[in-house]
1. Calculated from DSSP H runs of 4 or more alone, at -39500 (n - 2.57) each and per residue, what is the 222 nm mean residue ellipticity of chain B, nearest 500?
2. List, in the order given, every pair from A:Lys179/A:Lys217; A:Lys235/B:Lys87; A:Lys179/A:Lys239; A:Lys76/A:Lys203; A:Lys235/B:Lys52 whose Cα-Cα distance in the structure shown is over 32 Å.
3. Would you mind counting up the charge near A:Asp202? Only other residues with Cβ under 11 Å from its Cβ, with Lys and Arg at +1 and Asp and Glu at -1.
4. Can you list, bin by bin at 5 Å, the percent of alpha carbon pairs in region B:3-108, starting at 0?
5. Magnitude of the Cβ-charge dipole of region B:3-108, K/R +1 and D/E -1, about the Cα centre, nearest 20 debye?
6. Over region B:3-108, what percent of the accessible surface lies on carbon and sulfur atoms, probe 1.4 Å?
7. What's the local net charge at A:Arg75, with K and R +1, D and E -1, over the other residues with C-beta under 14 Å away?
8. Leaving ligands, DNA and RNA out of it, rank B:His81, A:His272 by accessible area with a 1.4 Å probe, largest first.
Amino acid sequence: MTFHRSAASVLVLAVLGLSSCKVSDDAIAASQQMTATAECLRDYYAALERSVTDTIALFELDSAISGIPYGDNDRKLQETTLAELRQREAMAEELAELAASMTALSNPKMAGSTADSATKLGKELVSVKALPSGSPVPDALGKAGNFLIQIAQQHEEKKAAKAMDDTLSAVAALFAQEKNAYDTMADTHDRQASQVAMDIMDKNGVDPTPMLSPALKPFGLTATPPSAALQASLKQLAKDRLKGQTAQATRREEAASTAMVDSLNEMSKRVHALATDNKMPVRGEPTSLKQVKEWVESLGAAFI
Amino acid sequence: MGPSLQALENQYFLLRSSLPTLTAQGATQDQLDTLRSLIVQARTNYWTALNKTLHDDDPAVVALTSQMNAEQMNIVAAVQHLGNIAKVLDLITKAVDIGSQIVAKAVSL
């Protein structure tokens, strides 16, 4: 990872249109912001993968509890989606590695390694397909990928600026195009978990004791195993809370994916400004990243 | 969310949530097995649609989506009020067929 990042720095400098050995403050800032944005994108895809993996487990659980068949052919649909998400996660990781390099400047010894790093990202971009059999990935993504490979191999630094500009725009376009699909994956997970939980409640398989803590905890009291009557009296409250939390989880993910679109578009604008005007005075990562990070973190404790 | 993808997701969860209701209403084992098969089909339709980008602007897809949404309202009413499980299953079968038509149409585009 360090090898790739330091080796990619020459390309990053060239990409940002710098002809001298000195790295401008604007270019360094842009690099840091691009890294943060790409890492957040990587983490978003990783969270979505966990969501789909968890959904498979929920379908299996549902089959055992409710008798709704779930076999290998069914599972293949989710596994296909997982494979595509992993590819997108890898793409985001490569983008983060490339953007992170702002150190070894015009070091000729780094040229070959820089080419490797750019080529790797370029190949990821070219190989990303749309979600299985879906609409074509934006053409610009593949073209940007080919461009990166080309300029890395031919050291055409001047063209690299446009390549990175186009790359970020293409990644932003891809995410925006697929956002609806991402939202529905997350929503399906939340609703499926809620449905299975309700079925377990109906079979009296849920211990409602934690619900009693607002009444017992202030006085240092502990509940005894709940009686059938207590379980029955708390069941409706538990279901109502479940519905509310499920709706809230859906809203939070949709807000996170919207924030990710905003972040990618913002970074695309900033890199474009730097590539065309050689200026990028904005400091700090896109503020919308915060919402994405909060959503990713909120899922951390939720998955098995 | 794209309207047709949302409609297919909603159909799956509407059918899924109908299982305990119809069980409580005294559906026979055969009727419940039929419902389970329809739930599986609705789930497959949804995941197939998820893995393909739906052309929500296609007039045929728009029309089918409207039709499916209308059928789903009938299902909600039937599950809650009708008590005629056979009728409910007929409505569900019709709605799932429309869902399958949406997916087939999207695949062909």
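1. That comes out to -28000 deg cm²/dmol.
2. Numbers: A:Lys179/A:Lys217 42 Å; A:Lys235/B:Lys87 30 Å; A:Lys179/A:Lys239 30 Å; A:Lys76/A:Lys203 30 Å; A:Lys235/B:Lys52 39 Å.
Too far apart for the 32 Å limit: A:Lys179/A:Lys217; A:Lys235/B:Lys52.
3. Result for the neighbourhood of A:Asp202: +2.
4. Bins of 5 Å from zero give 2, 14, 26, 23, 16, 10, 6, 2, 0 percent of pairs.
5. 180 debye
6. Roughly 54 percent, rounded to a whole number.
7. -4
8. Output order, biggest surface exposure first: B:His81, A:His272.
The values are calculated or read from the model by the stated rules, or taken from the named source; none is laboratory data. Note that the structure is a prediction, hence the values are computed from the model and not measured. Methodologically, a virtual Cβ is constructed for each residue, glycine included, from the backbone with ideal geometry; neighbour enumeration extends over all protein chains shown. Surface accessibility is based on the protein's heavy atoms, side chains included, excluding ligands, DNA and RNA. Shrake-Rupley method; radii C 1.70, N 1.55, O 1.52, S 1.80 Å.
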